[in-house]
1. Confirm whether ALA114 is touching a helix residue (DSSP H, G or I) at 6+ places or on another chain (Cβ under 6 Å) and within 30 Å of SER30 (Cβ to Cβ).
2. For the range 406-429, indicate whether the set of residues that are more than 13 Å from the ligand (Cβ to nearest atom) and either touching a strand residue (DSSP E or B) at 6+ places or on another chain (Cβ under 8 Å) or at positive phi (or both) is non-empty.
3. Whether any residue in the range 108-125 is surrounded by fewer than 19 Cβ atoms within 10 Å (Cβ to Cβ), within 30 Å of ALA218 (Cα to Cα) and of a type outside the set (Lys, Arg) is what I want to check.
4. Restricting to the range 437-453, name every residue that is farther than 21 Å from GLU383 by Cβ and either away from the ligand (no atom under 11 Å from the Cβ) or part of a loop (DSSP other than H, G, I, E, B) (or both).
5. Only one residue in PHE175, PHE154 is without any contact (Cβ under 8 Å) to a residue 24 or more places away in the chain, more than 30 Å from GLU287 (Cα to Cα) and part of a helix (DSSP H, G or I), so which one is that?
6. I'd like to check which strands (runs of 3 or more DSSP E) are fully inside the range 74-145 and have at least 2 residues that are closer than 21 Å to ASP64 by Cβ and over 60 Å from the mean Cα position of the chain (by Cα).
7. Given the criteria crowded, with 19+ Cβ neighbours inside 10 Å, modelled with pLDDT under 90 and outside any helix (DSSP H, G or I), does VAL62 qualify?
8. Checking ARG89 against (1) in contact with a strand residue (DSSP E or B) (Cβ under 7 Å, 6 or more places away or on another chain); (2) surrounded by fewer than 11 Cβ atoms within 10 Å (Cβ to Cβ), which test does it fail?
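The values are calculated or read from the model by the stated rules, or taken from the named source; none is laboratory data. As the structure is a prediction and not an experimental result, all values here were calculated from the model. Please note: Cβ atoms are built from the backbone with ideal geometry, for glycine as well, and neighbour counts cover all protein chains shown.
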Amino acid sequence: MPIRWRLTLFIALVIGAILILLGLTLYFLSRSALLGDIKDTARSRAHAVARIVESGDGLDDVNDEGGFVFDGTFVIVRGPDGEVLRKVRVPAGAETGAVWQRALDTGEDALGTAEISGDTYFVYAVPVGPPEDPARVVVAGKSYEPAEESLGVFGTVLAAGIGAALLLSIVGAYFLAGAALKPVEAVSRAAEDMGEDDLSKRLPVANAGDEIGRLTIAINGLLSRLEAAFARREEALERQRRFAADASHELRTPLTSISGHARMLDEWAIEEDPERTKRSVGAIRRETGRMRNLIEALLALARGDEGSGLEVESHDLGAVAKEAARAARAAANGKVSVEYLSPERGIEAVFDRELVLRAASILLDNAVKYTQEGGSVVIGLREEDGRAMLDVSDTGVGISEGQLPLIFERFHRADPSRTDGGAGLGLSIARQIAESHGGEIRAKSIPGEGSTFTLILPRRPSS
Ligand code: ADP
């Protein structure tokens, strides 16, 4: 059953029960007051006549002309044997039963009811004379009928009133519940209208202060969080798609070259041109080397994305920098100088040695790669704000301001004509390594003068 009807039913039941209880109480209180009034009148009339009889004044004045107020009662005065001495306003066929007999027998007032011509009468008997031997008895009676009639009318009016009030309260409760639940209707309609791509829509808030308003605000908050989460997911998917497309493209280039050389060798060179054959085999080896490097870089990134665990231990960062410098110096082969500036005191930090060595090597390789012959590359260490900083500076070509924020993107090459075969993954890997340690990489550069890359590592990873 809808909440609206349940609320209506509940309110109607409660109001109905209260009305019926009130009505019944009112009816029975009125009834007892009216009937009590009849009894009081009959009793007081019987006593009034009894006093007259007792005073010996005679009963001649007990009539309307004598100023006696009957107030709707009849009066019968009987002698010691029950003989009727006087009857005033007695309705035809009145038979008051044995009430008078009891009063005579006991010498005390007696009361009862009598059916006279289909009407019920209240009958009250008062003995007159000494209690042990009363000489007379006065009986007064009054019909319940007028009171019953009034009560009947009163009951009907009351029942009709209760019925009308109940009906009114049901209608009122129905509309009240409808008005209270209106915002819920609006919210569910808006929610139903929301499609899969409509996460930017928000539910209407009718009154921010009430319960439904607060619920709607909470749902809107949830929608905002969902929207942001979906946007992040979409962005990640887009990056993934771009990455896959770039990776395929990067792998296809050496593959095309290899298959071209292989076809040439197969078709004629291997038999006809030993010189050409030699060059082709050299090219094939170079291209396979490029492919291997690329695949290794891709694997490194994939492992980093998966969040494979770090093997961290406390190491001397200086030793790592020195080792990377030595390798870079060998690779530079005298083209540029590679110098390691040892710090005043050793800098210990907790990190994965192999990964940090790889990051430092990437920075050094780039520095060597993008520095003209005769230039210099310097790797140094320092400590700042409790963090270990590894700086790699070169006197190379530099990076323009517009390119600086982009060079850490996967497959991004600032100047493809000068990349020397790099796929644009080195800095992405280095940044991923820094971030997996809770650190970062910063770059600054002056085009034409040189660049400085800084690998920043917390002395102790946060987790
Ligand atoms: P790549 O394989 O192309 O070197 P990286 O991710 O290592 O890829 O670098 C991205 C780009 O950033 C490079 O293509 C180059 O243009 C630029 N870059 C990186 N290091 C330096 C540097 N020391 N001096 C000048 N340019 C650099």
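1. no
2. Checked against the condition, which is being more than 13 Å from the ligand (Cβ to nearest atom) and either touching a strand residue (DSSP E or B) at 6+ places or on another chain (Cβ under 8 Å) or at positive phi (or both), the range 406-429 yields no hits at all.
3. no
4. Scanning the range 437-453 gives PRO447, GLY448, GLU449.
5. Just one listed residue meets the conditions, PHE175.
6. Of the strands (runs of 3 or more DSSP E) lying wholly inside the range 74-145, those with at least 2 residues that are closer than 21 Å to ASP64 by Cβ and over 60 Å from the mean Cα position of the chain (by Cα) span 84-88, 119-128, 136-143.
7. yes
8. Result: ARG89 fails condition (2) only.
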